[in-house]
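The values are calculated or read from the model by the stated rules, or taken from the named source; none is laboratory data. What you see is a predicted model, and the numbers here were worked out from it, not measured in a lab. Neighbour counts run over all protein chains shown; Cβ positions are idealised from the backbone, glycine included.
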Amino acid sequence: MNALEIDRLSVRYGRTTVVDDVSLAVPAGRTLGLVGESGSGKSTIAAAAVGLVPLAGGEIRVGGIPASGRGAAARGARRSLQLVFQDPFSALDPRMSIGDSIAEALRATGRSWSRDARVARVRELLDLVHLDPDRAGELPAAFSGGQRQRITIARALAGEPSVLIADEVTSALDVSVQGAVLNLLRELQERLGLSMLFISHNLAVVRYVSDEIAVMRHGRIVESGPTEQLLDAPAAQYTWDLLDAVPVLGVRMADG
Ligand SMILES: Nc1ncnc2c1ncn2[C@@H]1O[C@H](COP(=O)(O)OP(=O)(O)OP(=O)(O)O)[C@@H](O)[C@H]1O
Ligand SMILES: [Mg+2]
């Protein structure tokens, strides 16, 4: 069973095709890594999946249910996808306490929440991402970059997604905290049985969290397969080049 299926997706901006006939599947409870150079179309796929850009062709399915269109089923399918954005500094409203930001995201569950239930759930979510629940009343400015990314992850989880789409979640962070955020995602995935589409231009980062990897270039998938198999013997020169670009970081993170 696939949690997310991207089936022959095409996206155009004006007359330029930036995603060209791309098919990807995220098996339930697994992480699919999507890697490729800047501008290859990775974020566009994420945006199309959650309905932020129109599809020029193809279909997105969540748990087998088509996610495009206006019907209740499609809305429900889109609701079970949550996106974590690249930049934890702009993703949070600076005037809203982090607890309120997370509480607001509970609406995505489609259920109504009593005040007590809301407060308890926010505390639980903060605890889940290893932040002190007693800090729920503080503003984003009181937190470091890595902590803010944990807050945006907690907010995404508030919507009870079946699939989390993480787009460059460590790119804006200091190298020193990148590993901790990646470890958190791995841990959450195991504990919650999450399915994840994990996007990064950094192959070392993708390799660290992904069961399978798809390599993207110029709007197309160049190759894909189970992580070890793909990286032991990449078929495409392009994948070798991506590997060459980041070997040291990869070793360090795997050790740490
Ligand atoms: N709103 C837009 N209008 C027009 N072109 C766009 C728009 N957004 C992205 N593009 C173009 O679409 C292509 C794919 O961009 P996209 O952001 O999906 O790449 P990416 O793989 O996520 O890159 P990065 O690694 O830098 O995040 C790029 O050529 C980009 O310039
Ligand atoms: Mg991007």
Okay, strands (runs of 3 or more DSSP E) sitting entirely in region 161-229 with 1 or more residues that are in contact with a Lys or Arg (Cβ under 9 Å, 6 or more places away or on another chain), I get 163-167, 195-200, 212-217
Considering region 75-85, residues that are under 20 Å from Val22 (Cβ atoms) and not charged (D, E, K, R), and then whichever is farthest from ligand 1 (Cβ to nearest atom), we arrive at Ala77
When you look at Ser80, is it closer than 27 Å to Trp240 by Cα and in contact (Cβ under 8 Å) with a residue 60 or more places away in the chain, yes or no? no
Note on region 102-130: residues in a loop (DSSP other than H, G, I, E, B) and either surrounded by 20 or more Cβ atoms within 10 Å (Cβ to Cβ) or of a type in the set (Gly, Ala, Ser) (or both) are Gly110, Ser112, Ser114, Val129
Considering only region 173-184, I want to know if a residue exists there that is within 16 Å of ligand 2 (Cβ to nearest atom), of a type in the set (A, V, I, L, M) and under 22 Å from Asp21 (Cβ atoms). no
* To do: Kindly establish whether Met196 is at pLDDT 95 or above, more than 16 Å from ligand 1 (Cβ to nearest atom), buried (at least 24 other Cβ atoms within 10 Å of the Cβ) and among the aliphatic types (A, V, I, L, M).
  => yes
Residue count, region 150-187, condition of a type in the set (Gly, Ala, Ser), within 16 Å of ligand 1 (Cβ to nearest atom) and under 12 Å from the mean Cα position of the chain (by Cα), comes to 1
Leu52 meets each of (1) within 16 Å of ligand 2 (Cβ to nearest atom); (2) crowded, with 20+ Cβ neighbours inside 10 Å; (3) of a type in the set (A, V, I, L, M, F, W, C) with one exception, condition (2)
Arg207 vs. criteria among the charged types (D, E, K, R), over 30 Å from Asp244 (Cβ atoms), in contact (Cβ under 8 Å) with a residue 12 or more places away in the chain and touching a helix residue (DSSP H, G or I) at 6+ places or on another chain (Cβ under 7 Å):
no
Taking region 199-214 and keeping residues over 20 Å from Pro27 (Cβ atoms) and surrounded by fewer than 24 Cβ atoms within 10 Å (Cβ to Cβ) leaves His201, Asn202, Ala204
